[in-house]
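What follows is a set of notes on a single structure, which appears directly below.
Any read-out appearing in this document is the output of simple, stated calculations on the displayed coordinates, not a laboratory observation. Values in this document were obtained by computation on a predicted structure and should not be read as measured data. Note that we place each Cβ from the backbone using ideal geometry, even for glycine, and neighbour counts take in every protein chain shown.
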Amino acid sequence: MEALFESLGWWAALGFVVIATYFWRGLGILLSGHVDQNSEIFRWLSAVTYSLVGALTFKLIILPIGLLSNVPLVYRIGVCLICIWWMLKKPNNMVPCLILGSLLMMAYGLVELFI
Amino acid sequence: MNQNNIKIRNQALINSIKIGAKVGLLGPGPVLFGGMLGFGAMGQGSGLSIWHTTAISFFMYALPGQVVFIEMMTMGSAASAIAIAVALTSTRFLTMTLTLFPQIPKTAHEPPRLLMVHMLAMSTWTTCMRDFPKILPEHRYGYYIGIGLVCWLISVPSTFLGYLIADAVPPWVTYALVFVNPLFFLLSFTEVALVINRISILVGGIVGTILYPIYPDHALLITGIVFGTCVYVIDYVLRKRKQVSQ
């Protein structure tokens, strides 16, 4: 694999990661015909998936890499809690909540710029 | 099946694709637009060409894996390490597919699932999992294709645009662009119906955050499989006890 990377360069790297990503999607399709949505295995898979995507989401917010890591953790969590509170208070309110969250993050950036 | 039935079924599929596309344009689409703008800017900052960066969004279409790929490429990591890391971040697609597609009944001459599954991403999955219980099973595939297609098609030009405007956008705007994706996922979780799934999200989130600094490469997988299974087992035992007491 390393030799192929060396000789073909960047596009070979992309090819490998595209295959690595599609593999799970394709395998899921091939296996999905054998899973009944009312079965215990479906319930277990749902718990595993929600646990995994929950971990990924919390990681992106609490332990981010790049620019977001400049924003204090307390502020990031505070913005999330405000948006969740508004979302729970008024269901089907996704877009306004996202706009609020984005504005609060921009506000932090502006304050950081001027202080 | 006669011609008339095929015509009616195709029309129903097109109608549900249109409804899904509309939902995609109003909900996850703009969110993904923001997220991919941020990714385009990241590609520019990492020194990749605009075509390389856009090709990543087109062919991979999995934002966390894309970020890992660019970061590891920039750091000069070994090819095998990059492939393994991306494969690990993408394992969620297996269970996401296994939980979404069994809810869609198979029909003859439907668009090939092995092709359409490329459009499965967290944004599409969370929206479909939320809405499928309210949608007739025969309309779910079209609905999924509509949302998935809109989101995928948005991701490519927004990556391109993000790359182009990377230098023009002030950092305080970029804060919002990189934050909007995780916030969307988080807010989508508030609409998850089953209590067991809500508990799984919470447990996964807390345990994953603790494990990530210790096992950065495997934390997500361990959290999903081990702690998701723990939540399932507790739920199973409680349900059985309830059945016995009744």
### Message
Can you compute the radius of gyration and Dmax for chain A, using only the Cα atoms, both in Å?
### Response
20.6, 59
### Query
Which residue, chosen from B:244, B:229, B:49, occupies the Cα position most advanced towards the positive end of the dipole of chain B, where the dipole is computed from +1 (Lys, Arg) and -1 (Asp, Glu) charges on Cβ about the Cα centre?
B:244
### Query
In what sequence, highest mean first, do A:94-106, B:51-63, B:9-21, B:118-130 appear when ranked by Cβ atoms within 10 angstrom?
B:118-130, B:51-63, A:94-106, B:9-21
### Query
Averaged across the residues of B:185-193, what count of C-beta atoms belonging to other chains lies within 10 Å of each residue's C-beta?
6
### Message
Tell me the net charge near residue A:27. Cut-off is 13 Å between Cβ atoms, residue A:27 excluded, with +1 for each Lys or Arg and -1 for each Asp or Glu.
### Response
+3
### Summary
Under the helix-only model (-39500 (n - 2.57) for each DSSP H run of 4 or more, divided by the residues of chain B), the mean residue ellipticity at 222 nm, to 500 deg cm²/dmol, is -24500 deg cm²/dmol
### Summary
Cα extents of the stretch B:126-246 along the principal axes, largest first, in whole Å, come to 65, 45, 22
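With 17 Å as the cut-off, how large is the P(r) tail for the stretch B:201-246, expressed as percent of Cα-Cα pairs?
42 percent
Quick check for me: using +1 on Lys/Arg Cβ and -1 on Asp/Glu Cβ, what's the dipole size of the stretch B:101-187 about its Cα centre, in debye to the nearest 20?
260 debye
Which pairs, out of A:89/B:134; A:59/B:240; B:7/B:134; A:90/B:134; A:90/B:242; A:59/B:22, put more than 27 Å between their alpha-carbon atoms? Kindly include the intermediate steps, with their values, before the conclusion.
On the way: A:89/B:134 21 Å; A:59/B:240 34 Å; B:7/B:134 25 Å; A:90/B:134 19 Å; A:90/B:242 33 Å; A:59/B:22 30 Å.
Beyond 27 Å between Cα atoms: A:59/B:240; A:90/B:242; A:59/B:22.
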### Query
Over its Cα atoms, what ratio of radius of gyration to 2.2 N^0.38 Å does chain B give?
1.12
#### Entry: Kirkwood Rh and Cα Rg combined as Rg over Rh, evaluated for the protein assembly as shown
0.97
### Query
Calculated from DSSP H runs of 4 or more alone, at -39500 (n - 2.57) each and per residue, what is the 222 nm mean residue ellipticity of chain A, nearest 500?
-27000 deg cm²/dmol
### Query
Peptide B:107-117: average number of partner chain Cβ atoms within 10 Å per residue?
2
